[in-house]
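First up is the structure itself, then whatever we jot down about it.
The values are calculated or read from the model by the stated rules, or taken from the named source; none is laboratory data. Predicted model, so just to flag it, every value in this text is computed and none were measured. Here the Cβ positions follow ideal geometry from the backbone for every residue, glycine too, while neighbour counts run over all protein chains shown.
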Amino acid sequence: MSDDYAGFWLRVVAFVIDSIVLSVLYLLIIIPLYDTLIPPAAFDPDISDQGPTFLQTVLSPDVSTLVLIVVAILYYGVMEASRHQASLGKLALELKVTDAEGGRLSLSKSILRNASKILSTALLLLGYVAAAFTRRKQALHDVIAGAMVLKR
């Protein structure tokens with residue numbers, strides 16, 4: 001069965017494909033969010049010279065980052081819990097995310113797996129690099145959720 005595990009570099013390529021997809025989603029969400037919630041005058045120094053407005057402060061890059069993280073967790077979580085068991089990047093490379101027995105992940109486990117990527121990232125990406133060295137090619141977030149990424 002070890003030949004069926006998706007290796008580190010296949011997963012990196014899938015991530016690059018998904019990053020392109022997520023970039024489009026981000027643009028479709030973030031730009032309308034800013035256009036709707038912040039009046040154009042807030043960015044025009046000739047109209048508003050009193051510094052940043054309350055709305056600008058509330059919708060700082062920190063909020064944008066939070067929105068981007070939530071969108072990514074939902075994108076991966078829903079896609080990997082679906083009947084396809086894969087994000088678009090993983091589908092393109094014929095990979096799938098499974099539970100420890102090779103079955104489909106529940107939505108809650110899939111969300112847990114993808115939220116755990118925050119920890120994999122916070123550990124200087126070492127959580128991801130673990131996939132290159134573990135027997136079942138599991139990253140830290142896979143281990144946390146009891147998941148594996150397999151070749152179809």
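Being at pLDDT below 95 and either of a type in the set (Phe, Trp, Tyr) or over 20 Å from the mean Cα position of the chain (by Cα) (or both) is the requirement here; does Asp35 meet it?
Values: at pLDDT below 95: yes; either of a type in the set (Phe, Trp, Tyr) or over 20 Å from the mean Cα position of the chain (by Cα) (or both): yes.
For Asp35, the condition - at pLDDT below 95 and either of a type in the set (Phe, Trp, Tyr) or over 20 Å from the mean Cα position of the chain (by Cα) (or both) - is met.
Does the range 130-147 hold any residues that are assigned to a helix (DSSP H, G or I) and surrounded by 15 or more Cβ atoms within 10 Å (Cβ to Cβ), and which are they? Explain how you work it out, then say what you get.
Step one: of the range 130-147, the residues assigned to a helix (DSSP H, G or I) are 130-132, 140-145.
The answer is Ala130, Ala131, Leu140, His141, Asp142, Val143, Ile144, Ala145.
Residues Leu150, Leu105, Leu124: which one is in a loop (DSSP other than H, G, I, E, B) and farther than 29 Å from Leu28 by Cβ? Talk me through it step by step, then tell me what you get.
On the way: Leu150 fails: in a loop (DSSP other than H, G, I, E, B); Leu105 fails: farther than 29 Å from Leu28 by Cβ.
So the residue among Leu150, Leu105, Leu124 that is in a loop (DSSP other than H, G, I, E, B) and farther than 29 Å from Leu28 by Cβ is Leu124.
Pick from the range 75-99 the residues that are among the hydrophobic types (A, V, I, L, M, F, W, C) and part of a loop (DSSP other than H, G, I, E, B): which of them is farthest from the chain's Cα centre (by Cα)?
We begin by selecting, within the range 75-99, every residue among the hydrophobic types (A, V, I, L, M, F, W, C); these are 78-79, 81, 86, 88, 91-93, 95, 97.
From what's left, part of a loop (DSSP other than H, G, I, E, B): 86, 93.
Details: Ala86: 12, Leu93: 17 Å.
Ranking the candidates gives Leu93 first.
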